[in-house]
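Reviewing the structure listed below.
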Amino acid sequence: MKNILITGGAGFIGSHVVRLFVTKYPDHQIYNLDDLTYAGNLENLRDIEKRPNYHFIKADIVDENRISGLFEKHAFDGVIHLAAESHVDRSISNPTEFIYTNIIGTVNLLNAFRHIWGNRAAGKRFYHISTDEVYGSLGNEGLFTENTPYDPRSPYSASKASSDHLVRAYAHTFGLPVVLSNCSNNYGPFQFPEKLIPLAINNIRNNKPIPVYGKGENIRDWLYVEDHAAAIDLIFHEGKLGETYNIGGSNEWKNIELIRLLCDIMDKKLKREEGASARLITFVKDRAGHDLRYAIDSSKIQQELGWRPAHTFEEGMEKTVEWYLENEQWMRNVTSGDYQKYYSSQYEKR
Ligand code: NAD
Ligand code: TYD
């Protein structure tokens, strides 16, 4: 595959994937297609934007004509599809946007791919990136496997589940060469501060309350973003066609315990007295329909493709906190303007 299209490359995970592909595969042309919504930021790719094999295309995946025109022009033979509306809270306040981007946008890409390759698709690949949230919510026991029935419970996860079904349906009906993966919660540099970890880091830094939903007892399985990018590289090149791979950190944390750990790390980094940051913890009204627990069984990708996370949680958190403290200007830029409006609408009434 020579012309690789990565959608959503200006977002959090996409920017790590673009950086990895641009540097690791200098002979391949990497096209980053992104509409630069509130979550997309070209600053995330400053260090590689002048590389000769990197190309940026500003486009909306919902725009069917634009997308089919771009496929005709560039003949993308590999697609890694990450562009999405990705935040559960926003899907609760504005579900419709999620239907357009996550469902219609995915179908537009599938149609464009199918249209240019038809029955000449051997050796090409359409890789759809999804989430563990499509499997619903676990109780205290058990793990999500690739065979867990879908049971999405938020507008975000329902829209992602719908797109996963469509990708599989196109493979079955039209013979499209697809592969999928469903990953657990990511954390690391360049994550937009609407998600728990960067939001908490930013609030602790600025001595603002850290909003913990409900009693903080919900559990997530956290994976360092570069470990996800490495898994994506492996699945794109070596994953079996038609297969799905679950990716997770085997690293479950109750939200409140994660926040306490983060407070300890921040106290040390900011040279605050022990316990100072934890005093900012504030329990607020729970998220509507809040899923209790997500946890991934990633034995398939480990056994079939030999993937393992390369970072321990301690290393990943250390790198993450350091990055945010060293990149205050990035945080200032993304939190100016509309972020303030978003923050007040989400948190002032809680
Ligand atoms: P993000 O919100 O940080 O980035 C999404 C990117 O998509 C942004 O750059 C945005 O500008 C772009 N985009 C949004 N709508 C678009 C449109 N209509 N046309 C073109 N571009 C558009 O998201 P992320 O956290 O990097 O997630 C990337 C993908 O990984 C998503 O598909 C998400 O469902 C999936 N995922 C995320 C996580 C996680 O923990 N963040 C875990 C598992 C799976
Ligand atoms: P989030 O980062 O939004 O990811 P997801 O909802 O996709 O898992 O949230 C992670 C967990 O943290 C989730 O259980 C909701 C909780 N949470 C808070 O307690 N406070 C917050 O301000 C945010 C954004 C999330």
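The values are calculated or read from the model by the stated rules, or taken from the named source; none is laboratory data. Since we're looking at a predicted model, the values are computed, not measured. Heads up, the Cβs are rebuilt from the backbone with ideal geometry, glycines too, and the neighbour counts pull from every protein chain shown. With ligands, DNA and RNA removed, areas are computed over all heavy atoms of the protein, side chains included. Shrake-Rupley method; radii C 1.70, N 1.55, O 1.52, S 1.80 Å.
Tabulated data for the structure shown
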| quantity | calculated |
| --- | --- |
| Qualifying residue in the stretch 245-252 (condition: under 14 Å from ASN186 (Cα atoms), of a type in the set (D, E, K, R) and either without any contact (Cβ under 8 Å) to a residue 24 or more places away in the chain or surrounded by 17 or more Cβ atoms within 10 Å (Cβ to Cβ) (or both)) | yes |
| Near pairs, Cβ below 6 angstrom, 6+ apart or cross-chain, from the stretch 76-95 (open to solvent by 20 Å² or more (accessible area, probe 1.4 Å)) to any residue that is near ligand 2 (Cβ under 10 Å from one of its atoms) and in a helix (DSSP H, G or I) | none |
| The stretch 3-17 residues that are modelled with pLDDT of 95 or more, paired with ones that are surrounded by 24 or more Cβ atoms within 10 Å (Cβ to Cβ) and of a type in the set (D, E, K, R) (beta carbon under 8 Å, 6 or more apart) | THR7/ASP34; GLY8/ASP34; GLY9/ASP34; ALA10/ASP34; GLY11/ASP34; GLY14/ASP34 |
| Residues that are more than 8 Å from ligand 1 (Cβ to nearest atom) and either in a loop (DSSP other than H, G, I, E, B) or of a type in the set (Lys, Arg) (or both), drawn from the stretch 77-97 | ASP77, ARG90, ASN94 |
| Pairs with Cβ under 6 Å, 6+ apart, first in the stretch 283-295 and closer than 19 Å to ALA158 by Cβ and touching a residue at least 60 places away in the same chain (Cβ under 8 Å), second among the β-branched types (Val, Ile, Thr) and near ligand 2 (Cβ under 9 Å from one of its atoms) | ARG293/ILE219 |
| Residue under evaluation LYS124, criteria (1) in contact with an Asp or Glu (Cβ under 7 Å, 6 or more places away or on another chain); (2) open to solvent by 40 Å² or more (accessible area, probe 1.4 Å); (3) farther than 23 Å from GLU72 by Cα, criterion not met | (3) |
| Where a residue in the stretch 195-217 is part of a loop (DSSP other than H, G, I, E, B) and its partner, wherever it lies, is away from ligand 1 (no atom under 16 Å from the Cβ) and of a type in the set (S, T, N, Q), with Cβ under 9 Å and at least six apart | ASN207/SER277; PRO209/ASN203; PRO209/THR282 |
| Residue ID - surrounded by the fewest Cβ atoms within 10 Å (Cβ to Cβ), chosen from residues in the stretch 134-167 that are among the small types (Gly, Ala, Ser) and in a helix (DSSP H, G or I) | SER162 |
| Any chance TYR38 is more than 14 Å from HIS81 (Cβ to Cβ), aromatic (Phe, Trp, Tyr), surrounded by fewer than 16 Cβ atoms within 10 Å (Cβ to Cβ) and in contact with a helix residue (DSSP H, G or I) (Cβ under 9 Å, 6 or more places away or on another chain) | yes |
| Residue count, the stretch 210-244 (criterion: hydroxyl-bearing (Ser, Thr, Tyr), touching a helix residue (DSSP H, G or I) at 6+ places or on another chain (Cβ under 6 Å) and surrounded by fewer than 21 Cβ atoms within 10 Å (Cβ to Cβ)) | 0 |
| Every residue from the stretch 249-276 that is over 16 Å from GLU318 (Cα atoms), in contact with a helix residue (DSSP H, G or I) (Cβ under 9 Å, 6 or more places away or on another chain) and away from ligand 1 (no atom under 16 Å from the Cβ) | ARG272, GLU273, GLU274, GLY275, ALA276 |
| Subset of the stretch 26-52 (residues that are assigned to a loop (DSSP other than H, G, I, E, B), farther than 21 Å from ARG332 by Cβ and in contact with a strand residue (DSSP E or B) (Cβ under 8 Å, 6 or more places away or on another chain)) | HIS28, ASP35, ILE48 |
| Check on LEU262, aliphatic (A, V, I, L, M) and under 30 Å from TYR170 (Cα atoms) | no |
| Selected residue [over 18 Å from GLU318 (Cβ atoms), in contact with a Leu (Cβ under 9 Å, 6 or more places away or on another chain) and among the hydrophobic types (A, V, I, L, M, F, W, C)] from ILE204, ILE219, ILE197 | ILE219 |
| Lone qualifier among GLY275, GLY289 - being in a loop (DSSP other than H, G, I, E, B), surrounded by fewer than 14 Cβ atoms within 10 Å (Cβ to Cβ), over 21 Å from the mean Cα position of the chain (by Cα) and not acidic (Asp, Glu) | GLY275 |
| Yes/no for LEU70 being open to solvent by less than 40 Å² (accessible area, probe 1.4 Å), of a type in the set (A, V, I, L, M) and over 21 Å from ILE232 (Cβ atoms) | yes |
| Single match in HIS128, HIS74 (criterion: in contact with a strand residue (DSSP E or B) (Cβ under 6 Å, 6 or more places away or on another chain) and under 24 Å from ALA295 (Cα atoms)) | HIS128 |
